[in-house]
């Protein structure tokens, strides 16, 4: 039973949300299957043949992939458990 500001079931909601995030991340990686693209789907720049061969299912040029990775790191550093611990006690 949760106390304080947290509603009943808050811990399970937190667990469910974390599992859902993990499933969505795995699905994003599955989309990389298949043939590599010759043109970046974000900026339409050509993707070098060496990159197409090195990364199966590549969809983005190096610059766009670096930006996507930077964006992913910013959002993946969020510690859901630590941020809600004070609410769950």
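The values are calculated or read from the model by the stated rules, or taken from the named source; none is laboratory data. Given the structure is predicted, the values throughout are model-derived calculations rather than measurements. Positions of Cβ are generated from backbone atoms using ideal geometry, with glycine treated the same way; all protein chains shown enter the neighbour counts.
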The range 1-28 residues that are on the phi < 0 side of the Ramachandran plot, paired with ones that are at pLDDT below 85 and loosely packed, with under 10 Cβ neighbours inside 10 Å (beta carbon under 7 Å, 6 or more apart): 8/1
Helices (runs of 4 or more DSSP H) (entirely within the range 4-89) containing at least 2 residues that are at pLDDT 70 or above: 10-30, 49-54, 62-76
Scope the range 58-70; condition within 13 Å of residue 38 (Cβ to Cβ) and in contact (Cβ under 8 Å) with a residue 24 or more places away in the chain; matching residues: 58, 59
